[in-house]
Amino acid sequence: MQWTYLCLFFILAVALTSAVLQQEGNLSHTEYFNMARDHTISIKVENNNQSRPTAAPGILSKGYSRTYLTFNLLLLVDLSKYGKAVQDGAEWCRSQGGTVEEYQYSYISREAKVVGFGKTRLMCSFGVYTLIDVETLASPYLTLAQSSYINPLDNWKWDKKRFANLLIICVLAYPYIRFSSPALQYCLDNGGASTTTFYIEKENTCKGAGWSPLPAETSPGLSNNCDFTDGSTIDQWALFNGLPISTAKRLNPHFRYQGPSQRCRF
């Protein structure tokens, strides 16, 4: 009898996973460049959005992840707790017309609450799909993140089924999480590592972890960065929108390093 229930549960899980992937599969990767849908917040929390102040007209109003402003967009971020390199990066971001935003590594609880528990970092935003680490943007040397952004992959294609078997139990617990993400695949294909993390607690509940804009109590959800081996970092969706088809604002002129940036090929 137990085996029967286990088989039925497995069939249900596979069917639900297939349904989620099928919904994603109806979109081509080109449709993810729609500026009306900002996917910078990869895992969103509907409940927290209710208490966030509405953005002023024309100020980052596109997409659910920027429809509401955090207090960090209204007040200056306290830079005194960061080192000189981060402070320099923040000043460079502002000098380029960007907005400095403070993020903390966080997780989403089963109650759909964002809980900050890790280190904090400063990111620079120029609008939809432009989120990048301030030190990466202001680096006087070429970083792997900048090189990957400026030199998009040729003839790149999205494999929708690549992550089809990724934690079926998480699909059951969080059907709104996008497991089949073109930005995630593009990050990995560029040699980066995703900060997208899912893990199972002892209560058999699924958690999602990533970077949350502060304060976490009013966060719209988590974004997922693409980290490179040299320490440079850029949001997955910002990197993905470095592809020529994207109409997002280009980061190219805002990088401090403006020298040769060809990819190294071995």
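The values are calculated or read from the model by the stated rules, or taken from the named source; none is laboratory data. These numbers were taken from a predicted model, which means no experiment stands behind them. Every residue, glycine among them, receives a Cβ derived from its backbone with ideal geometry; neighbour counts consider all protein chains shown.
Going through the stretch 113-127 one residue at a time, which ones are of a type in the set (Phe, Trp, Tyr) and touching a residue at least 40 places away in the same chain (Cβ under 8 Å)? 126 - this is the single residue of the stretch 113-127 that is of a type in the set (Phe, Trp, Tyr) and touching a residue at least 40 places away in the same chain (Cβ under 8 Å).
Can residue 233 be described as of a type in the set (S, T, N, Q) and farther than 23 Å from residue 33 by Cβ? For residue 233, the condition - of a type in the set (S, T, N, Q) and farther than 23 Å from residue 33 by Cβ - is not met.
If the condition is being assigned to a loop (DSSP other than H, G, I, E, B) and surrounded by 13 or more Cβ atoms within 10 Å (Cβ to Cβ), then the stretch 145-164 contributes 151, 152, 153, 156, 158, 160, 162, 163, 164. Residue 142 meets the conditions (1) touching an Asp or Glu at 6+ places or on another chain (Cβ under 9 Å); (2) surrounded by 15 or more Cβ atoms within 10 Å (Cβ to Cβ); (3) in a loop (DSSP other than H, G, I, E, B) in every case but one. The failed one is (1). Being at pLDDT 80 or above, out of contact with any Pro (no Cβ under 6 Å at 6 or more places or on another chain) and either among the polar types (S, T, N, Q) or more than 17 Å from residue 38 (Cβ to Cβ) (or both): is that true of residue 253 here? When the stated conditions are applied, residue 253 passes them. Set side by side, the residues 109, 95, 147, 139 differ, and just one is out of contact with any Pro (no Cβ under 6 Å at 6 or more places or on another chain), at pLDDT below 90 and farther than 20 Å from residue 40 by Cβ, which is 109. Scanning the stretch 208-224 for residues being closer than 12 Å to residue 41 by Cβ and either of a type outside the set (Ser, Thr, Tyr) or free of Cβ contacts under 8 Å to residues at least 24 places away in the same chain (or both) gives a total of 8.
Residues are listed down the side, and each one gets a yes or a no for (1) closer than 19 Å to residue 118 by Cα; (2) buried (at least 20 other Cβ atoms within 10 Å of the Cβ); (3) among the polar types (S, T, N, Q):
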position	(1), (2), (3)
222	yes, yes, no
226	yes, yes, no
236	no, yes, yes
242	no, yes, no
245	no, no, no
250	no, no, no
259	no, no, no
